[in-house]
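First comes the structure, then the notes that go with it.
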Amino acid sequence: GGGEGRVRGREQEEPRLKPTNVKKVFWPREGYTKGDLIAYHERVAPLMLPYLRDRPLVLTRFPDGITGKSFYQKDAPDFAPAWVRTERIYSRDTERDIAYLVVDDVEMLRYVANSGAIPIHLWASRVQSLERPDWLVLDLDPKGAPFTDVVRVALALRRILDRLELPSYVKTSGATGLHILLPLAARYTYEQCRTFARLLAVMGVEAEPEISTVARPLRSRGGKVYIDFGQNGHGQTIVAPYSLRPLPGAPASCPLEWREVTPRLDPARFTLETLPVRFDKMADPLTPVLGDGIDMAAALERIAAHQKP
């Protein structure tokens, strides 16, 4: 038993986060507390960390739960413990360095959850390859359109991507939308990625013109699903897979298998309570988005071939 004692002793010396205010209610309707928020992150850490590792994060913090005031946090606080990883990245908007938090392990994830961060947004690129994203994202945003239309647009895009022999993966946003992701493996610049995403979005609208649009202003959308390609850019973020949302029911951004994307899909089903149970029984279907990237040039050639009369 001597070795066991040594391990325990070493753990006590390490900076260990002592969670604070764990009984504070964060989701009043369900009675979920800050302790539940932290426990959720500990439980999904093995699923979530592969996406977070080495990426700058943007947090929205709700120190008093989802009905209280919230604030957007890019900079790590000055009083952050020494073991908290930050990466300084120059921001053209504010003309200064921002000290982004980077979450590489469960201890950092607990730290972020303990700060009251509910949605965790992440960059598509890692610190080592900041100008080269690991995925392209098409964000299907209904803003008033029925969710069944979101599903229809997603399936139309999937047919297009299948025809172009491009792998695609899908997750719920945790709110009302869906995110379709294509793996890029840091092979292209953000500019190349955004240009290609725009082309795919336009093809999606051509396939479902009655219910989808690339018009950004709300008043121009006419109740259609907005295929947003604009999240492909330096400093742009999407909500992290498995991240919770500050909405009643504590829904999470949930990776899906394409066969689950049907008119019966209800994104509100994936929550702080149900999501960990779901992934006890199945593998994460989004994992390949962190693998081999697409060949954009080959895809562009296929698009050109399809468009010939």
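The values are calculated or read from the model by the stated rules, or taken from the named source; none is laboratory data. Everything quoted here is computed from the prediction, not taken from an experiment. Glycine gets a Cβ as well: all are built from the backbone with ideal geometry, and neighbour counts include every protein chain shown. When the accessible area is computed, the model is the full protein with side chains, heavy atoms only, and any ligands, DNA or RNA have been set aside. Shrake-Rupley method; radii C 1.70, N 1.55, O 1.52, S 1.80 Å.
Inspect the range 222-234 for any residue being open to solvent by 50 Å² or more (accessible area, probe 1.4 Å) and either part of a strand (DSSP E or B) or farther than 23 Å from Q128 by Cβ (or both) and give the result as yes or no.
Yes, some residue in the range 222-234 is open to solvent by 50 Å² or more (accessible area, probe 1.4 Å) and either part of a strand (DSSP E or B) or farther than 23 Å from Q128 by Cβ (or both).
Would you mind stating whether Y90 is in a strand (DSSP E or B) and either open to solvent by less than 70 Å² (accessible area, probe 1.4 Å) or over 19 Å from D134 (Cβ atoms) (or both)?
Working: in a strand (DSSP E or B): yes; either open to solvent by less than 70 Å² (accessible area, probe 1.4 Å) or over 19 Å from D134 (Cβ atoms) (or both): yes.
Spelling it out, Y90 is indeed in a strand (DSSP E or B) and either open to solvent by less than 70 Å² (accessible area, probe 1.4 Å) or over 19 Å from D134 (Cβ atoms) (or both).
Filter the range 280-291 for residues that are within 15 Å of L166 (Cα to Cα) and not in a loop (DSSP other than H, G, I, E, B) and give the result. Step through it out loud before you land on a result.
Taking the range 280-291 as the starting set, the residues that turn out to be within 15 Å of L166 (Cα to Cα) are 286, 288-291.
Result: P288, V289, L290.
Among the residues in the range 145-167, are any in contact (Cβ under 8 Å) with a residue 40 or more places away in the chain, among the polar types (S, T, N, Q) and under 18 Å from V205 (Cβ atoms)?
Our first condition is that a residue be in contact (Cβ under 8 Å) with a residue 40 or more places away in the chain; within the range 145-167, this holds for 145, 147-160, 163-167.
Still in the list and also among the polar types (S, T, N, Q): 148.
Narrowing further to those that are under 18 Å from V205 (Cβ atoms): 148.
Within the range 145-167, one or more residues are in contact (Cβ under 8 Å) with a residue 40 or more places away in the chain, among the polar types (S, T, N, Q) and under 18 Å from V205 (Cβ atoms).
Has the range 183-203 got at least one residue that is of a type in the set (F, W, Y), under 30 Å from T94 (Cβ atoms), in contact with a helix residue (DSSP H, G or I) (Cβ under 9 Å, 6 or more places away or on another chain) and touching a residue at least 40 places away in the same chain (Cβ under 8 Å)? Before the answer, list the steps.
Restricting attention to the range 183-203, the residues satisfying the condition of being of a type in the set (F, W, Y) are 188, 190, 196.
Restricting the remaining residues to those that are under 30 Å from T94 (Cβ atoms) gives 188, 190, 196.
Still in the list and also in contact with a helix residue (DSSP H, G or I) (Cβ under 9 Å, 6 or more places away or on another chain): 188, 196.
Still in the running and touching a residue at least 40 places away in the same chain (Cβ under 8 Å): 188, 196.
Yes: the range 183-203 contains one or more residues that are of a type in the set (F, W, Y), under 30 Å from T94 (Cβ atoms), in contact with a helix residue (DSSP H, G or I) (Cβ under 9 Å, 6 or more places away or on another chain) and touching a residue at least 40 places away in the same chain (Cβ under 8 Å).
Among the candidates I66, I98, which residue alone is more than 18 Å from the chain's Cα centre (by Cα) and in a strand (DSSP E or B)? Please lay out each step first, then the result.
Details: I66 fails: in a strand (DSSP E or B).
Answer to the selection: I98.
Tell me the residue from A175, A197, A201 that is under 20 Å from the mean Cα position of the chain (by Cα) and surrounded by fewer than 19 Cβ atoms within 10 Å (Cβ to Cβ), please. I'd like the intermediate steps shown before the answer.
On the way: A197 fails: surrounded by fewer than 19 Cβ atoms within 10 Å (Cβ to Cβ); A201 fails: surrounded by fewer than 19 Cβ atoms within 10 Å (Cβ to Cβ).
None of the others qualify; the one that does is A175.
Failed condition for A240, given (1) open to solvent by 10 Å² or more (accessible area, probe 1.4 Å); (2) of a type in the set (G, A, S); (3) under 17 Å from V170 (Cβ atoms); (4) in contact with a helix residue (DSSP H, G or I) (Cβ under 8 Å, 6 or more places away or on another chain), with all others met?
(1)
Considering only the range 251-279, state which residues are of a type in the set (G, A, S) and either surrounded by fewer than 24 Cβ atoms within 10 Å (Cβ to Cβ) or assigned to a loop (DSSP other than H, G, I, E, B) (or both). Quick ask: steps written out before the conclusion?
We begin by selecting, within the range 251-279, every residue of a type in the set (G, A, S); these are 252-253, 268.
S253, A268 - these are the residues of the range 251-279 that are of a type in the set (G, A, S) and either surrounded by fewer than 24 Cβ atoms within 10 Å (Cβ to Cβ) or assigned to a loop (DSSP other than H, G, I, E, B) (or both).
Tally the residues that are in contact with a Pro (Cβ under 8 Å, 6 or more places away or on another chain), touching a residue at least 12 places away in the same chain (Cβ under 8 Å) and either among the aromatic types (F, W, Y) or over 21 Å from P288 (Cα atoms) (or both), restricting the search to the range 48-73. Write out each step before concluding.
We begin by selecting, within the range 48-73, every residue in contact with a Pro (Cβ under 8 Å, 6 or more places away or on another chain); these are 48, 51, 59-60, 62, 65-67, 69-70.
Remaining after also requiring touching a residue at least 12 places away in the same chain (Cβ under 8 Å): 48, 51, 59-60, 62, 65-67, 70.
Still in the running and either among the aromatic types (F, W, Y) or over 21 Å from P288 (Cα atoms) (or both): 51, 59-60, 62, 65-67, 70.
Going through the range 48-73 one residue at a time, the tally reaches 8.
I'm trying to understand the selection: among the residues of the range 151-172, which are under 18 Å from the mean Cα position of the chain (by Cα) and of a type in the set (G, A, S)?
Of everything in the range 151-172, those that are under 18 Å from the mean Cα position of the chain (by Cα) and of a type in the set (G, A, S) turn out to be A154, S168.
Select from the range 120-170 the residues that are more than 30 Å from P56 (Cβ to Cβ), open to solvent by less than 40 Å² (accessible area, probe 1.4 Å) and at pLDDT 95 or above and list them in ascending order. Step through it out loud before you land on a result.
Residues of the range 120-170 more than 30 Å from P56 (Cβ to Cβ): 144-149, 151-152, 155-156, 159-160, 162-165.
In the following step, the residues that additionally are open to solvent by less than 40 Å² (accessible area, probe 1.4 Å) were identified as 145, 149, 151, 156, 160, 164.
Answer for the range 120-170, where residues must be more than 30 Å from P56 (Cβ to Cβ), open to solvent by less than 40 Å² (accessible area, probe 1.4 Å) and at pLDDT 95 or above: D149, V151, A156, I160, L164.
Out of (1) open to solvent by 60 Å² or more (accessible area, probe 1.4 Å); (2) part of a loop (DSSP other than H, G, I, E, B), the odd one out for I294 is which?
Every condition holds for I294 apart from (1).
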